[in-house]
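Chemist: Have a look at the structure that comes next, please.
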Amino acid sequence: MIAAMLPRGDVRDVLVVPEGSDVKRLEDLPADALVGSSSVRRKAQINRARPNLQVVRIRGTVGTRLAKMDGTKPMDAEMSAMVLASSGLERLGLTDRARHVFEPDEILPAVGPGVLALECRRDDADVTGLLLRLNDAKTQTEATAERVRLHGLRGHCNSPITGYCVTDPTDNSPCAAWCSHGTDPSSSTPTSGARA
């Protein structure tokens, strides 16, 4: 069971390019450039912004993915960029690799981005009690709302669905859900969400 959620990290995605590349933004990439991402959510949004780019699946740890893009590990094709989670790069000490940070109005975040959840056995009251001391109520409220919305849409971790909940009434970030039906970005429908 999830016993606690730590304070949320950065929810945004970032553009990462091979070392030595002059590319600064998605718009700088030439037509038919290969962009690495294993997320169908990111693929749908990248193709919506730039339908002339080819989004290709890339697997492995962040280090392996960077090595493949940089050409120090073998890969079938040469990638011009990748889109990764900002919080993941931050936790690995690799924020210097981020060339552009996508604001939520450019690429809507995934459900539960930047959240570290602590799990334990349901019947272990002692450990549950210890972990509850680490819980961040704001993160738990927002992440739970996002997960409930994903479940209500019958989505899963590989669905092109976003859900970003903000409980701070002064935060003007978009709180929206975005569903893509199939892989055709022209059939995507942005819908406004309610603030929690």
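Chemist: If contacts are Cα pairs under 8 angstrom and at least 6 residues apart, what is the relative contact order of the chain in percent?
Modeler: Once normalised by length, the contact order is 30 percent.
Chemist: Right, another one. Who wins for biggest fluctuation among 113, 169, 104 in a Gaussian network model of the chain, springs between alpha carbons below 10 Å?
Modeler: 169
Chemist: Okay, moving on. Using θ = phi - 60° and the Karplus form 6.51 cos²θ - 1.76 cosθ + 1.60, what ³J(HN,Hα) does each residue of region 104-115 get, whole Hz, x for Gly and Pro?
Modeler: Working through the residues one at a time gives x, 7, 9, 9, 5, x, 5, 6, x, x, x, 9 Hz.
Chemist: Right, something else. If you bin every alpha carbon distance in the chain into 5 Å steps from zero, what whole percent lands in each bin?
Modeler: Binned Cα distances yield the sequence 1, 7, 14, 18, 18, 16, 12, 7, 4, 2, 0, 0.
Chemist: Please identify the trypsin sites (Lys or Arg not before Pro) of region 45-126 that satisfy two criteria: DSSP loop assignment and at most 12 other Cβ atoms within 10 Å. Which are they?
Modeler: 57, 59, 121, 122
Chemist: Could you look at region 1-57 and say what percent of its accessible area is carbon and sulfur, using a 1.4 Å probe and all protein chains?
Modeler: 50 percent
Chemist: Which FRET efficiency value, to the nearest 0.05, is calculated for residue 57 and residue 136 with the Förster distance at 41 angstrom and r the Cβ-Cβ distance?
Modeler: According to the calculation, E is roughly 0.80.
Chemist: Would you pull out the residues with amide H under 5 Å of residue 53's amide H, same chain only if 5 or more places away, H placed 1.01 Å from N?
Modeler: 32
Chemist: I've got another one for you. Just to be sure I understand: with springs between alpha-carbon atoms less than 10 Å apart, which residue in 125, 145, 31 has the highest mean-square fluctuation in the Gaussian network model of the chain?
Modeler: Residue with maximal mean-square fluctuation among 125, 145, 31: 125.
Chemist: What accessible area per residue comes out for the chain, rounded to a whole number of Å², with a 1.4 Å probe?
Modeler: Accessible surface, normalised per residue, equals 55 Å².
Chemist: Could you list, in their original order, any pairs among 68/138; 24/73; 73/138 whose Cα atoms are separated by more than 29 Å?
Modeler: 68/138; 73/138
Chemist: What's the magnitude of the charge dipole for the chain around its Cα centre, counting Lys and Arg as +1 and Asp and Glu as -1 at the beta-carbon? Answer in Debye, nearest 20.
Modeler: With Lys and Arg at +1 and Asp and Glu at -1, about 440 debye.
Chemist: Between residue 158 and residue 92, what is 0.36 nm times their sequence separation minus the Cα-Cα distance? Round to one decimal in nm.
Modeler: Taking 0.36 nm per residue and subtracting the Cα distance, the gain is 21.4 nm.
The values are calculated or read from the model by the stated rules, or taken from the named source; none is laboratory data. All values derive from a computational prediction rather than experimental measurement. Here Cβ is always computed from backbone atoms with ideal geometry, including for glycine, and neighbour counts include all displayed protein chains. For the accessible areas, the whole protein counts, side chains as well, though only heavy atoms, and no ligand, DNA or RNA atoms are used. Shrake-Rupley method; radii C 1.70, N 1.55, O 1.52, S 1.80 Å.
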